[in-house]
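Below: one structure, written as structure tokens.
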Amino acid sequence: MNSEVRLERLTQPEVEACFQSTHLAVLAPGSVEQHGPHLPLGTDAFAAIAIADAVARRLNTVLVPLPLVGVSPYHQSWAGSLTFQPQTFIAVVEDICESLARHKVDKILFVNWHEGNSTALRLAGDSVQRKFNQKVVIAESHLITNKLFGERAQLTHAGNMETAAVLMYDPSLVDVSKATNPSSQPDADAMHAVFRQKDVFPILRDFHQVAPTGWYGNPGEATIELADEIRTKVSQYIAERAGIEFGR
Ligand SMILES: [Zn+2]
């Protein structure tokens with residue numbers, strides 16, 4: 001394992017040597033959007049970066065920087081939330097991957113945490129594969145975390161899973177004592193499920209439709225121990241599965 005894996009913190013010869021041996025880069029698309037009064041706006045970006053950093057270490061390669069901002073139009077009614085248009089996001093991903101293609105990187109692993117990025121990320125991945133002849137694998141780290149940890153890491157918004165995710169990145173950014181206005185979890189779970197249907201479904205316009213206060217879940221359940229366990233197990237899962245998928 002390397003002691004440093006972030007491309008922008010390494011020297012050019014170090015990165016060149018890495019790309020010549022692995023031909024692989026890890027990228028963590030971000031999102032900057034409201035996560036209630038107890039978690040920072042960058043929660044999803046920080047979650048993806050923390051896990052992607054651990055994945056890059058396991059794969060002996062580098063984590064390539066992307067903008068912290070992603071695709072979050074349905075959080076815009078809360079001040080501070082930022083979004084790219086999907087086409088901007090796709091163009092940014094394409095430009096970074098084209099740079100990497102020039103440097104002998106032909107395998108791209110995206111470690112994503114934000115559900116709102118997923119559609120644009122697939123389109124970007126398809127485009128990158130066709131234009132630059134790179135093989136793209138996407139890991140949806142929030143889904144993997146929920147799959148591995150179940151009730152301890154629920155797919156809510158700013159609940160136990162995302163609080164643990166920020167603890168993983170920087171515990172000083174979490175203040176659970178401010179989490180005083182959760183929306184009803186049964187109501188929010190039911191509405192989230194409507195938008196997450198796979199066969200016939202509406203498109204989420206504004207997150208008030210899911211959670212009128214902007215968040216729901218159980219942030220008080222998150223601990224540093226859970227955060228460490230998520231980092232270890234989710235990064236291991238992604239590294240192993242990515243190895244299989246790149247090998248096909
Ligand atoms: Zn989130």
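All of the numbers you see were taken from the coordinates with simple rules; none came from a lab. Remember, predicted model here, so these are calculated numbers, not experimental data. FYI the Cβ positions are ideal-geometry reconstructions off the backbone, even for glycines, and counts take in every protein chain you see.
Output the relative contact order of the stretch 7-247, whole-number percent, from Cα pairs under 8 angstrom with separation of 6+ residues. Each step should come with its number before you reach the end.
Numbers: 450 pairs, mean separation 57.1, N = 241.
Reported relative contact order: 24 percent.
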Loop-resident sites, the stretch 10-119, for trypsin sites (Lys or Arg not before Pro), counting at most 16 other Cβ within 10 Å (DSSP): Lys104
Estimated distance in nm for a label pair at Ala190 and Ser77, the labels positioned 7 Å out from Cα along Cα-to-Cβ: 1.9 nm
Bridge type composition, the stretch 7-247 - antiparallel percent by DSSP, nearest 5: 5 percent
Volume per residue that the Cα convex hull of the chain spans, once the total is divided by residue count, Å³: 126 Å³
Rounded FRET efficiency, nearest 0.05, which uses the C-beta distance separating Asp175 from Leu123 and R0 of 41 Å: 0.65
Within straight-line cross-link reach of Lys131, lysines at Cα separation under 30 Å, skipping those fewer than 8 residues along the same chain: Lys104, Lys107, Lys198
